[in-house]
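Worksheet for the structure shown next.
Here, each number is a calculation from the coordinates, and none is a lab measurement. Values in this document were obtained by computation on a predicted structure and should not be read as measured data. Glycine gets a Cβ as well: all are built from the backbone with ideal geometry, and neighbour counts include every protein chain shown.
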Amino acid sequence: MVSAAFDPSLLNKIVSRFVDMPGGLLPALHEIQKTIGHVPRAAIKPLAQGFNITEAEVFGVVTFYHDFRLDRPAGTHVLKLCRAEACQAVGAEALAAHAKRKLGIDWHGTTGDGAWSLEPVFCLGLCACGPSAMIDGEVHARLDAPALDKLIA
């Protein structure tokens, strides 16, 4: 379920479920993103207070993990393109440039109609089959521009 509104009482319920769990911040962040569609910046201070850590620590976790989105939800479909060296060696740069032109967005962007978001990832584990991508959680290997166009269509 994705709701556009940030509800502080919902955040308090999520924090209370995970506050006593070792490493509970990560599952709390996942639950917030699953529920709201992103991690609002307004949630950082209450999370820091709830987990008794600094706001910088919460922000660091949110920005370190590529699956978390600050401020706005991802598009209906999320295209993650591998940026690791093995994929770069076999054409990932050209594929990324093509994807940006095709979708009309840059990294971390979402198309105007909300259909697509474009995210960089650093290794999908398909190093021998690059360039690779993940679309809505499904991996695709040995991509070129025409193959990517078919997937987007």
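Values as computed for the structure displayed
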| item | result |
| --- | --- |
| Partnerless Cys - the chain, beta-carbon criterion under 4.7 Å | Cys123, Cys127, Cys129 |
| Under 30 Å from the Cα of Lys13 - lysines, other chains or at least 8 residues apart | Lys34, Lys45 |
| Relative contact order, percent, the chain [alpha-carbon distance under 8 Å, six or more residues apart] | 19 percent |
| Whole-Hz couplings from phi, Karplus 6.51/-1.76/1.60, listed for region 38-53; x for Gly and Pro | 6, 9, x, 4, 5, 8, 5, 5, x, 5, 4, 5, x, 9, 6, 10 |
| Local electrostatic count at Cys127 - Lys and Arg +1, Asp and Glu -1, tallied over other residues with Cβ under 13 Å | +1 |
| For region 71-81, Karplus couplings with θ = phi - 60° (6.51, -1.76, 1.60), whole Hz, Gly/Pro x | 6, 8, x, 6, x, 4, 10, 10, 9, 10, 9 |
| As computed over region 8-64, the Cα convex hull volume per residue (Å³) | 70 Å³ |
| Region 71-153: chymotrypsin sites (Phe, Trp or Tyr not before Pro) falling in loop per DSSP and having at most 12 other Cβ within 10 Å | Phe122 |
| Rg over Rh [alpha-carbon atoms, Kirkwood Rh] for the chain | 1.04 |
| Summed residue charge, Cβ within 10 Å of Lys13's Cβ, Lys/Arg positive, Asp/Glu negative | -1 |
| Histogram of C-alpha separations across region 77-152, 10 Å bin width, % | 22, 60, 17, 1 |
| Proximal aspartates and glutamates relative to Lys80, as straight alpha-carbon distance under 20 Å, when same-chain residues fewer than 8 apart are discounted | Asp67, Asp71, Glu93, Asp106, Asp113, Glu119, Asp136, Glu138, Asp144, Asp149 |
| Cα centroid separation - region 14-41 against region 62-134, whole Å | 24 Å |
| For His77, distant residues with modelled amide H under 5 Å away | Trp116, Ser117 |
| 15 Å beta-carbon shell around Asp113, net charge (K/R +1, D/E -1) | +2 |
